[in-house]
Structures are given as structure tokens and as C-alpha cells.
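Asker: Take a look at the following structure, please.
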Amino acid sequence: MHLLIPAAGSGRRFGADRNKLLLPLLGQPVLAWTLQAADQAQSIAWIGLIGQPRDRVDIEALVDELHLSTPVVWIEGGRERQESVFNGLQALPSDAQQVLIHDGARCLATPDLFDRCSTALQTCDAFVAAVPVKDTIKQVAVDGTIAATPDRSTLWAAQTPQGFAVEPLLRCHRQGLEQQLAVTDDAALLEAFGLPVHIVEGEETNLKVTTPADLAIAELILKQRQLTAAIA
């Protein structure tokens with residue numbers, strides 16, 4: 001399976017002065033945890049790492065230090081995530097028919113999740129890893145009042161990996177560019193053009209590091225995993 005990892009963020013929302021994926025998390029950069037999980041997955045055979053030129057030296061040095069068994073290829077990202085993924089799709093090996101896309105900031109994804117997602121692409125052309133929503137969700141109007149309370153039983157919180165057959169995803173990206181359609185994940189592109197997207201159950205701990213609080217929670221989860229492994 002081919003895997004693209006967008007890692008081209010600026011750290012702006014995190015409040016950092018550099019790419020948040022290079023910030024330390026339990027002795028390693030955040031991105032190191034993502035890469036090691038993908039490397040340990042049995043199904044991943046190739047990794048495309050999408051980043052900004054300013055981070056290339058640091059990220060390539062990190063890849064060298066990790067001594068991964070899976071080949072990692074550097075791909076220059078774009079101004080936004082959507083453009084970065086499009087660059088990544090165009091840089092896939094010519095024989096790539098399927099691809100997983102996983103945000104570098106979701107550093108707690110397990111090798112098992114990558115493998116389950118790879119298996120899912122044997123029975124569908126597009127899916128999103130997701131978990132059922134636990135909270136009651138309120139839809140809010142522009143004036144700050146509640147407009148609706150959607151039925152929680154039908155709501156899922158989207159994660160990554162997301163998986164796709166390469167050809168239809170590339171086609172949707174090109175159509176999205178032509179129509180100046182801006183989306184926050186790749187599944188939304190397929191949805192916009194009427195293509196079905198399935199759900200693969202994700203992991204409750206597969207959070208995205210967006211704020212300092214997320215980083216603290218990620219550290220607690222990793223410490224618990226290490227403790228559990230040591231006891232086993």
C-alpha cells in the first residue's frame with residue numbers, strides 16, 4: 001500500500017513558531033511517532049512525506065535517524081492541505097492504484113489501524129476512518145442561537161487514514177481545482193462529486209495534535225501504552 005503523509009503545516013494554530021510536527025513529544029518529534037507506526041504496519045510499502053521547503057532539512061534528518069525499513073520519498077507541499085495532497089498524488093509511483101492519506105499530526109494511529117485501512121480498500125474505492133460521536137452536537141446559527149440538534153446516532157467524527165482508489169481521487173482533485181472548490185479533507189471532494197465514501201472504524205486515541213493541550217494528552221496516551229507494553 002502507498003501512503004501519503006501531509007506534514008506541511010506552519011504551527012500557526014498551535015501557537016508555535018515552527019512546524020508543530022517537529023515539536024518534541026516524549027523524547028521524539030511528533031512526526032517520528034507517525035512515521036514509526038506507518039513503518040511498523042505490515043501493509044505499508046511506500047511513504048510519501050509532503051512538507052514545506054523550510055522543513056526539508058529537519059524532516060529528512062529525522063527520517064535518517066529513524067532508520068525506517070519502508071522507503072520514504074520527500075514531496076514538496078502546497079499553500080494549503082488540499083494542494084499538498086494533490087502534489088502528493090501526482091508524485092505517486094506510476095503503478096500506484098490505491099493510496100492511504102494520513103495527517104502527520106495524528107501521531108497516535110497504530111500499525112493495526114493502518115493495516116485495517118489497507119484491507120478496507122480491497123472492498124471499496126473510498127473510505128474514512130472515523131469514530132461514533134459521543135457528545136450531543138448543536139448546530140448553531142450566525143446569531144449564536146441553536147438551530148438544530150442532529151441525531152447523534154448518525155454522526156461520526158472523521159479521522160485519518162482515509163483511503164482511495166488513485167484514479168477517481170485524482171480526477172476529483174482536478175475537478176475541484178477547476179471549480180475552485182475548497183475542502184478540509186479528501187473524502188469531501190468525492191462527496192461533492194457524488195461518489196460514495198464508506199466508514200472504517202478508527203481509534204478513540206487517534207487524536208490530531210492541534211493545540212498544546214492535545215500534545216499533553218498525546219503524551220499521557222503514549223506513556224500508558226509504554227507502561228502496558230512493559231507489563232506485558
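Each value in this text was obtained by applying a stated rule to the coordinates, not by laboratory testing. Just so you know, these numbers come straight off a predicted model, no measurement behind them. Cβ sites come from the backbone with ideal geometry, for glycine too, and all protein chains shown count toward neighbours.
Asker: So if I average 1/r over every pair of distinct C-alpha atoms in region 1-94 and take the inverse, what Kirkwood radius in Å does that give?
Answerer: Hydrodynamic radius (Kirkwood, Cα only) of region 1-94 equals 13.5 Å.
Asker: Just flag the trypsin sites (Lys or Arg not before Pro) in region 44-117 sitting in loop per DSSP whose Cβ has no more than 10 other Cβ atoms within 10 Å.
Answerer: Within region 44-117, the qualifying trypsin sites (Lys or Arg not before Pro) (loop, at most 10 other Cβ atoms within 10 Å) are ARG79.
Asker: Based on alpha-carbon centroids, what's the gap between region 185-219 and region 96-164 in Å, whole number please?
Answerer: Answer, in whole Å: 4.
Asker: Let me ask something else. Quick one: dipole size for the chain, taken about the Cα centre, charges +1 on Lys/Arg Cβ and -1 on Asp/Glu Cβ, in debye to the nearest 20.
Answerer: That gives the chain a dipole magnitude of about 440 debye.
Asker: Quick one: give the max-minus-min coordinate of the C-alpha atoms of the chain along each principal axis, largest first, in Å.
Answerer: 49, 41, 37
Asker: Which residue, GLN175, LEU155, ILE75, has the largest displacement toward the positive end of the dipole of region 64-184 when charges sit on each Cβ (Lys, Arg +1; Asp, Glu -1)?
Answerer: LEU155
Asker: Rounded to whole Hz and in sequence order, give me ³J(HN,Hα) for region 160-174 from the Karplus expression 6.51 cos²θ - 1.76 cosθ + 1.60, θ = phi - 60°, writing x for Gly and Pro.
Answerer: Ordered by residue, 3J(HN,Hα) equals 10, x, 10, x, 8, 5, 5, 4, x, 5, 4, 4, 5, 4, 5 Hz.
Asker: Something else: Dipole of the chain (Lys/Arg Cβ +1, Asp/Glu Cβ -1, origin at the Cα centre): which of ILE44, ALA130, LEU66 lies farthest to the positive side?
Answerer: ALA130
Asker: Can you list the HN-Hα couplings for region 58-70, worked out from phi with the Karplus curve (6.51, -1.76, 1.60; θ = phi - 60°), rounded to whole Hz and with x for Gly and Pro?
Answerer: Per-residue couplings from phi come out as 5, 5, 5, 5, 4, 4, 4, 5, 6, 6, 5, 8, 8 Hz.
Asker: For region 9-116, what is the charge dipole size about the Cα centre, in debye to the nearest 20, if Lys and Arg each add +1 at the Cβ and Asp and Glu each add -1 at the Cβ?
Answerer: Dipole magnitude for region 9-116 comes out near 440 debye.
Asker: Please build a GNM for the chain, connecting alpha carbons under 10 Å apart, and tell me which residue among THR160, THR123, THR210 fluctuates the most.
Answerer: Between THR160, THR123, THR210, it is THR123 that shows the largest mean-square fluctuation.
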